[in-house]
Amino acid sequence: MHTDNKKSDKQKLIKRLKIIEGQVRGLQNLIEKDTYCIDVITQTSAIKQGLSGVEDELLKGHLGHCVV
């Protein structure tokens with residue numbers, strides 16, 4: 001059961017990272033097209049939140065699997 005949970009958690013993280021990857025590619029396009037700076041900043045904020053969520057999940061997994 002433990003490895004199944006770990007595999008599931010890993011798949012969730014990879015899915016989130018792929019979403020973030022798409023957001024970063026979108027950000028690059030916004031910058032290349034000279035998009036209004038507030039729209040670019042909004043996108044960077046969304047990316048930072050996404051990465052923060054990944055970090056939170058990694059820490060939660062570490063505490064649940066490695067520390068306990």
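Each reported figure results from applying straightforward, stated rules to the coordinates on display, with no laboratory input. In this text, all values refer to a predicted model and were calculated from it rather than measured experimentally. Positions of Cβ are backbone-derived with ideal geometry, glycine not excepted, and every protein chain shown enters the neighbour counts.
Sum -39500 (n - 2.57) across every DSSP H segment of at least 4 residues in the chain, then divide by the residue count to get the 222 nm mean residue ellipticity, nearest 500. Provide the component values of the computation, followed by the final result.
On the way: 2 runs with 57 residues, N = 68.
Mean residue ellipticity, 222 nm, calculated: -30000 deg cm²/dmol.
Please compute the modelled spin-label separation between residue 39 and residue 18, points set 7 Å along Cα→Cβ, answer in nm with one decimal.
With each label placed 7 Å out from Cα toward Cβ, I get 2.7 nm.
Put a dot 7 Å past each Cα toward the Cβ at residue 9 and residue 25; how far apart are the dots in nm?
2.9 nm
Out of (1) 1.27; (2) 1.43; (3) 1.96, which label holds the value of Cα Rg over 2.2 N^0.38 Å that was computed here?
Recomputing Cα Rg over 2.2 N^0.38 Å here picks out (2).
Give the cross-link partners of residue 60 among the lysines, using a straight C-alpha distance below 29 Å as the criterion and excluding same-chain residues fewer than 8 apart.
6, 7, 10, 12, 15, 18, 48
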